[in-house]
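The values are calculated or read from the model by the stated rules, or taken from the named source; none is laboratory data. This structure is a prediction, so every number in the text was calculated from the model and none was measured. Heads up, the Cβs are rebuilt from the backbone with ideal geometry, glycines too, and the neighbour counts pull from every protein chain shown. For accessibility, only protein heavy atoms count, side chains too; no ligands or nucleic acids. Shrake-Rupley method; radii C 1.70, N 1.55, O 1.52, S 1.80 Å.
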Amino acid sequence: MLDEIVNALNLRGEEQRALHQKARALTIKNVGANIYLRALIEFSNICKKDCYYCGIRSSNKKVSRYQLSFQRTMEIVENIYRAGINSIVIQSGEEQSENFIKEIESILYAIKDRYADDIRVTLSCGEQSKECYHRWFLAGAKRYLLRFESSSEKIYNTIHPNNNNHNFNARLNSLKDLKDIGYQVGSGFMIGFPGQRIEDIANDLLFLKMLDVDMVGMGPYIEHRDTPLYARKEELLSPSERLSLGLNSIAVLRQLMKDINIASTTALESLHPQGKILGLKAGANVVMLNFTYSEYEDKYSLYENKSKARFASYDSVKRSLEQISIADQSFIIDPKQHGDSLHYKMK
Ligand code: SAM
Ligand code: SF4
């Protein structure tokens, strides 16, 4: 199995196109032709972690830190609702203070209050206690994204500092807690960072299957000059190789897990102007549109050349959807769909 996956990840040219076409056909057959939209809010760049790859790691003193106020967040939620999108992702750096937990909780209750069941919320706010995950679940969050970054503890330890804040097993425990509570659980990993081999990516894909996740967000690693991993830039594969590996990973995963939601991640777009569409053509069925105001764009710089595309209105969303629809006649986009993971619903 591992060899087969490695072979598939290495396909290029005509064979690669065939791999992607097969994955798209499998997507249509198993989860339908729909492309689901997620509106992204980058809620805070305050993070206590120091991941070696991430531009907003706590040691990067060049970053000016922010947390959106309750009012600002609700204003963006209203923009999203008016733009006709019913699914929101709230993402942030990692913080476990009671203030932070309460703020997210209040936002979740306010969304539930104002929009009832119209809006589905996904959280991506890092590792938290089981109690915190439970509070947020009761307040209305029903999906949670937490990447394991690498399924090998040894490799995980090469891209994170060696301290209690960065513990591979704690990460896996968090994923277990989320599942126990009843969340639709999403995970994933970075593709093509220094020191990672093709075999490691194949193992990561098999690990997603073993975890039995409902959603996946995995994407190419992109360097950031103010991070420790930047020192290993010379070891990196070319951007087009990382793009190919990212797309082939999506296509292989679609064969391994036919009924899950797979995101065509923003990092693909940083490597190729059509990256998001290429991801959808390779078997992904979810795209994120960033609704965070442009004034925060430089402050949430995870990696270089991160997409600056911002959405605020129905018209801006419509223009983007038209581009996606033109790219492939098979894409059906209804922004109002919640797009729950079929895999989760079938459990
Ligand atoms: N702090 C939360 C966490 O880590 O789960 C959520 C926000 S974090 C910015 C979201 C994801 O960004 C991480 O899981 C990581 O995979 C990705 N990321 C960070 N730095 C990156 C880089 N240089 N290239 C590609 N992806 C990166
Ligand atoms: Fe913080 Fe997440 Fe970046 Fe790690 S990846 S430094 S946890 S924001």
Return the calculated 222 nm mean residue ellipticity for the chain, to the nearest 500 deg cm²/dmol, obtained by summing -39500 (n - 2.57) across DSSP H runs with n ≥ 4 and dividing by the residue count. -13500 deg cm²/dmol
Figure the gain on full extension for E14 and H338 (residue separation times 0.36 nm, minus the Cα-Cα span) and round it to one decimal in nm. 113.1 nm
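How big is the antiparallel share of DSSP beta bridges in the chain, given as a percent to the nearest 5? Display every interim value, and only then the final one.
Details: 1 of 32 bridges.
Among the beta bridges of the chain, antiparallel pairing accounts for roughly 5 percent.
How many percent of the accessible area of the chain is carbon or sulfur, using a 1.4 Å probe? It would help to have the intermediate numbers written out before the result.
Values: 7280 of 14550 Å².
The nonpolar share, carbon plus sulfur, comes to 50 percent.
Can you compute the charge dipole magnitude of the chain about its Cα centre, using +1 on each Lys and Arg Cβ and -1 on each Asp and Glu Cβ, nothing else charged? Give it in debye, rounded to the nearest 20.
On the way: 46 positive and 43 negative charges, 63 e Å.
It comes to approximately 300 debye.
Ranked from the most accessible area to the least, with a 1.4 Å probe and all protein chains present, what is the order of Y109, Y115, Y314? Please report the intermediate quantities before stating the final value.
Working: Y109 100, Y115 15, Y314 120 Å².
Descending accessible area places them as Y314, Y109, Y115.
Just subtract the alpha-carbon distance of S330 and D3 from 0.36 nm times their residue separation and send over the number in nm, one decimal. Mind dumping the intermediate values first?
On the way: separation 327, 0.36 × 327 = 117.72 nm, distance 3.15 nm.
Fully extending the segment from S330 to D3 adds 114.6 nm.
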From Cα pairs below 8 angstrom and at least 6 apart in sequence, can you work out the relative contact order of the chain, rounded to a whole percent? 27
Near K22, which lysines are there with a Cα under 16 Å away, not counting those fewer than 8 places off in the same chain? K258, K281
Note, the range 82-96: 3J(HN,Hα) by Karplus (6.51, -1.76, 1.60, θ = phi - 60°), whole Hz, Gly/Pro = x, goes 5, 6, x, 9, 10, 9, 10, 10, 9, 10, 7, x, 9, 8, 10
Round to the nearest 10 and report in Å² the accessible area of V121, as given by a 1.4 Å probe over the protein chains' heavy atoms. 10
Separation in nanometres of the label points that stand 7 Å from Cα toward Cβ, at A170 and E153: 1.5
For the table K48/K308; K48/K130; K209/K318; K154/K306; K29/K308; K176/K345, the rows whose alpha-carbon distance is greater than 30 Å are K209/K318; K29/K308
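Apply 1/(1 + (r/R0)^6) to the Cβ-Cβ distance of N163 and K258, taking R0 = 45 Å, and write down the FRET efficiency to the nearest 0.05. Spell out each step's value before the answer.
Numbers: r = 39 Å, r/R0 = 0.87.
Calculated value: 0.70.
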Computed FRET value (nearest 0.05) for K130 with E297, which takes r as the C-beta separation and R₀ as 41 Å: 0.75
Taking a ≥ b ≥ c as the square roots of the eigenvalues of the Cα gyration tensor, with a/c under 1.5 meaning rounded and otherwise prolate when a/b exceeds b/c and oblate if not, the chain is rounded
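I'd like the FRET efficiency for F70 and D315, computed as 1/(1 + (r/R0)^6) with the beta carbon distance as r and R0 of 41 Å, rounded to 0.05. Kindly include the intermediate steps, with their values, before the conclusion.
Values: r = 27 Å, r/R0 = 0.66.
The calculated FRET efficiency here is 0.90.
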Please compute the contact order of the range 103-207 in relative form: average sequence separation of alpha-carbon pairs under 8 Å and at least six residues apart, divided by the residue count, as a percent. 30
Placing one identical point scatterer on every Cα of the range 130-176 and ignoring solvent, what is log10 I(q)/I(0) from the Debye formula at q = 0.21, 0.23, 0.25 Å⁻¹? -0.76, -0.83, -0.91
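In what sequence, largest accessible area first, do R57, R17 appear using a 1.4 Å probe? Show your work: numbers first, answer last.
Values: R57 25, R17 125 Å².
Output order, biggest surface exposure first: R17, R57.
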Partnerless cysteines, meaning none of the other Cys C-beta atoms lie under 4.7 Å away, in the chain: C47, C125, C132
Coarse-grained scattering of the range 1-118 at q = 0.13, 0.20 Å⁻¹, given as base-10 log I(q)/I(0) from a Debye sum over alpha-carbon atoms: -0.80, -1.02
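With the Cα gyration tensor of the range 152-299 giving a ≥ b ≥ c as the square roots of its eigenvalues, does the rule (a/c under 1.5 for rounded; else a/b larger than b/c for prolate; else oblate) give rounded, prolate or oblate? Intermediate values should be presented prior to the final figure.
Numbers: a/c = 1.26, a/b = 1.04, b/c = 1.21.
It comes out rounded by the Cα gyration axes.
Could you please put Y36, Y344 in sequence from largest to smallest accessible area, using a 1.4 Å probe?
Numbers: Y36 25, Y344 80 Å².
If we order Y36, Y344 from most to least accessible, we get Y344, Y36.
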Under a 1.4 Å probe, counting only protein heavy atoms, H134 has an accessible area in Å², nearest 10, of 90
